[in-house]
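Reviewing the structure listed below.
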Amino acid sequence: MISYRIDATDVHAHLFRVTLTVPRPAAEQHLSLPVWIPGSYLVREFARHLSNLEATQGEREVGLQQLDKATWLARCSGSAALRVSYLVYAFDTSVRAAFLDPRRGFFNGTGVCLRVHGREAEAHTLALERLPSGWEVATAMPAAGRRHAYRAAGYDALVDHPFELGRFWRGRFDAGGVAHEFVVAGALPNFDGARLLADVQRICTTEVAFWHGPGANPSDLPFDHYVFMLNAVEDGHGGLEHRASTALIAARRDLPRAGVADCSDGYVKVLGLISHEYFHAWNVKRLRPREFARLDYTRENYTELLWFFEGFTSYYDDLLLRRAGLIDEARYLRLVATTVSGVLAVPGRKVQSLAQASFDAWVKYYRSDENTPNATVSYYTLGSLVALALDLGLRSRSRGQASLDQVMRNLWAASGGGPIGEEDIVAAIKAVAGPRRGGALADELIGWVHGTGDLPLAELLPRAGVRWQAQPATLAQRWGLRVSESALTGVKVSAVLRGGAAERAGLAAGDELLAVEGWRVRRLEDAVALLPAKGPAQLLVSRDQRVLALALAPPSAAQRDDAPGTVHLSADPRAGSAARALRQAWLQA
Ligand SMILES: [Zn+2]
């Protein structure tokens with residue numbers, strides 16, 4: 001049995017002290033730390049935080065040779081257990097790494113537990129030692145009997161159970177007959193935990209019923225208990241999915257407060273995040289790309305399918321909030337409209353397909369810069385709109401007989417909740433909608449995913465009784481600019497969009513827009529009142545200490561028509577009965 005002892009006493013230095021014991025090591029025993037954490041597709045080089053590596057067998061010091069950035073070779077002799085000790089610097093507040101200070105500890109095994117090559121399939125144990133007094137532990141890793149001792153079936157399981165340590169709020173509820181726990185670290189004193197628990201229970205009950213039907217048996221669920229661990233911070237938002245838990249980060253002000261009954265946009269965002277990560281327990285942790293059937297911790301793991309695993313999960317995260325009755329129809333349609341407007345504002349959708357965006361996540365999505373909107377498309381947002389188009393296509397063409405819900409359940413049943421490829425998604429669509437109708441829809445899907453054309457949403461949404469109204473473009477949209485601005489900082493260009501008026505005028509990311517037509521501007525929209533009736537607008541911008549004068553020619557009528565504005569979606573009161581019935585079946589609470 002491979003065992004790790006993790007000591008969390010050195011809170012001021014933010015150091016976990018780790019001791020790894022390997023019984024009967026190989027004569028040449030390789031050890032390595034993963035370079036990435038599953039679910040977050042970036043090489044993060046966790047080994048950069050590892051130091052003071054030492055190894056012994058009994059009293060004998062064991063020679064250690066570093067073979068590459070994350071791999072070591074221990075030269076062992078005889079069968080005496082190999083003991084390896086090291087320090088891990090832990091001061092990363094994200095959900096992807098490790099953190100330790102006097103208030104809180106957190107870690108994922110990927111950043112803390114060296115992998116013992118050749119022994120990954122054996123049981124692994126993990127014991128927490130010398131926790132600061134009063135600290136508690138939350139994790140979905142099964143307890144091993146002793147206090148603060150845990151046991152995982154193998155290395156994959158070991159690193160798929162993050163740990164939250166400290167003094168935190170904790171609550172429990174039941175969903176689908178299975179125990180769920182929710183812990184919140186760092187909440188404000190007036191945090192309304194009871195409300196959060198009640199709302200999350202509705203999400204979980206809805207999602208369990210989505211996958212397994214309303215009368216689900218606890219043994220149908222892919223886990224026998226589940227833990228949400230949320231770190232409340234001043235600013236931040238994100239999550240990472242695991243097989244029986246999720247690590248979340250959210251802004252304190254977005255959590256519900258005692259005595260405040262309304263549902264802020266921030267709280268809806270947190271509920272959407274919770275819904276998203278919980279849905280992943282099925283879609284990406286069990287149903288997963290065939291390329292992830294066996295994970296390689298030493299390098300990038302490529303797949304073209306993130307549009308399905310992240311995009312379709314993004315479609316269902318908010319939709320299931322609606323079906324759980326946590327948001328109303330109008331609010332749901334506003335959320336969809338925000339996604340549609342966001343995708344339309346990205347010229348990169350004409351450059352990169354969803355399949356390419358998935359494959360390139362490692363160097364593009366996770367390494368965004370000022371050129372990102374011009375060169376890439378998000379497999380989250382556009383992927384969720386593909387799911388919407390597919391769902392509405394299935395529902396409208398089958399007169400309500402087929403839906404994406406059925407496709408998801410068909411995939412789950414057909415794969416046994418295991419690895420799948422694109423052809424399995426196509427087969428599930430055909431199985432649900434019939435070979436002819438399903439085949440046509442699957443062909444459309446393949447075109448959306450591998451091509452760069454626009455989705456037919458303006459045509460599909462009205463079939464569900466949803467009115468699509470284009471709103472006038474803002475000045476930033478008409479000029480093809482993204483800015484950050486405030487009265488204090490003025491107008492800073494964060495991105496110049498491909499082919500737009502700002503690009504032709506010579507504006508660049510990082511420029512500060514000082515003046516328009518000789519007038520100081522502190523918000524871009526203020527410039528609307530200053531623009532000349534015809535001809536180019538005279539701009540003053542500051543770049544690298546110099547002040548430049550630029551002339552910005554107004555967009556032509558054709559360019560203005562092309563400029564993506566914002567889309568407003570609402571239930572159409574004049575929709576026919578068939579469209580209304582389709583909308584009701586789609587958005588039913
Ligand atoms: Zn996700």
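Okay, here's what the table says:
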quantity: Test: residue in region 354-363 that is polar (S, T, N, Q), surrounded by 20 or more Cβ atoms within 10 Å (Cβ to Cβ) and within 16 Å of the ligand (Cβ to nearest atom); calculated: yes
quantity: Residue among 520, 543 that alone is at pLDDT 95 or above, of a type outside the set (A, V, I, L, M) and out of contact with any Asp or Glu (no Cβ under 7 Å at 6 or more places or on another chain); calculated: 520
quantity: One residue from 143, 81, 179, 98 being closer than 25 Å to residue 37 by Cα, small (Gly, Ala, Ser) and touching a residue at least 24 places away in the same chain (Cβ under 8 Å); calculated: 98
quantity: Considering residues of region 468-484 that are of a type in the set (A, V, I, L, M, F, W, C) and over 12 Å from residue 524 (Cα atoms) only, the residue modelled with the lowest pLDDT; calculated: 473
quantity: Residue check for residue 55: more than 21 Å from residue 295 (Cβ to Cβ), modelled with pLDDT of 95 or more, of a type in the set (Gly, Ala, Ser) and buried (at least 16 other Cβ atoms within 10 Å of the Cβ); calculated: yes
quantity: Residue in region 58-76 that is modelled with pLDDT of 95 or more, open to solvent by 60 Å² or more (accessible area, probe 1.4 Å), within 22 Å of residue 126 (Cβ to Cβ) and in a strand (DSSP E or B) present; calculated: no
quantity: The one condition in (1) hydrophobic (A, V, I, L, M, F, W, C); (2) in a strand (DSSP E or B); (3) closer than 28 Å to residue 270 by Cα; (4) in contact (Cβ under 8 Å) with a residue 60 or more places away in the chain that residue 126 fails to fulfil; calculated: (3)
quantity: Residues of region 238-254 satisfying the condition of being outside any strand (DSSP E or B) and under 26 Å from residue 141 (Cβ atoms); calculated: 242, 243, 244
quantity: Single residue of region 215-237 satisfying the filter (closer than 15 Å to residue 185 by Cβ and open to solvent by 10 Å² or more (accessible area, probe 1.4 Å)) that is farthest from the ligand (Cβ to nearest atom); calculated: 234
quantity: Residues of region 180-211 satisfying the condition of being assigned to a helix (DSSP H, G or I) and either open to solvent by 40 Å² or more (accessible area, probe 1.4 Å) or in contact with a Cys (Cβ under 7 Å, 6 or more places away or on another chain) (or both); calculated: 194, 195, 198, 201, 202, 205
quantity: Residue match in region 92-100 (condition: open to solvent by 50 Å² or more (accessible area, probe 1.4 Å) and touching a Phe, Trp or Tyr at 6+ places or on another chain (Cβ under 8 Å)); calculated: yes
quantity: Exclusive hit being part of a helix (DSSP H, G or I), within 16 Å of the ligand (Cβ to nearest atom) and either touching a Leu at 6+ places or on another chain (Cβ under 8 Å) or charged (D, E, K, R) (or both), set 310, 291; calculated: 310
quantity: Selected residue (criterion: nearest to the ligand (Cβ to nearest atom)) from residues of region 316-340 that are open to solvent by 10 Å² or more (accessible area, probe 1.4 Å) and under 19 Å from the mean Cα position of the chain (by Cα); calculated: 317
quantity: Residue 424 vs. criteria in a loop (DSSP other than H, G, I, E, B), open to solvent by 40 Å² or more (accessible area, probe 1.4 Å) and among the acidic types (Asp, Glu); calculated: no
quantity: Only listed residue being within 16 Å of the ligand (Cβ to nearest atom) and under 20 Å from residue 477 (Cα atoms), chosen from 303, 381; calculated: 381
quantity: Matching residues in region 312-338 - criterion: being of a type in the set (S, T, N, Q) and more than 25 Å from residue 412 (Cβ to Cβ); calculated: 338
quantity: Tabulated pairs, region 254-279, first farther than 18 Å from residue 186 by Cβ, second at pLDDT below 95 and away from the ligand (no atom under 16 Å from the Cβ), C-beta under 9 angstrom, 6+ apart or interchain; calculated: 271/263
quantity: Test: residue in region 232-251 that is within 24 Å of residue 315 (Cα to Cα) and without any contact (Cβ under 8 Å) to a residue 24 or more places away in the chain; calculated: yes
quantity: Positions within region 10-22 being touching a Leu at 6+ places or on another chain (Cβ under 8 Å) and open to solvent by 20 Å² or more (accessible area, probe 1.4 Å), in sequence order; calculated: 10, 14, 15, 17, 21
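The values are calculated or read from the model by the stated rules, or taken from the named source; none is laboratory data. Remember, predicted model here, so these are calculated numbers, not experimental data. Quick reminder, even Gly has a Cβ in these numbers, built from the backbone with ideal geometry, and neighbours come from all protein chains shown. Accessible surface areas use protein heavy atoms only, side chains included; no ligands, DNA or RNA. Shrake-Rupley method; radii C 1.70, N 1.55, O 1.52, S 1.80 Å.
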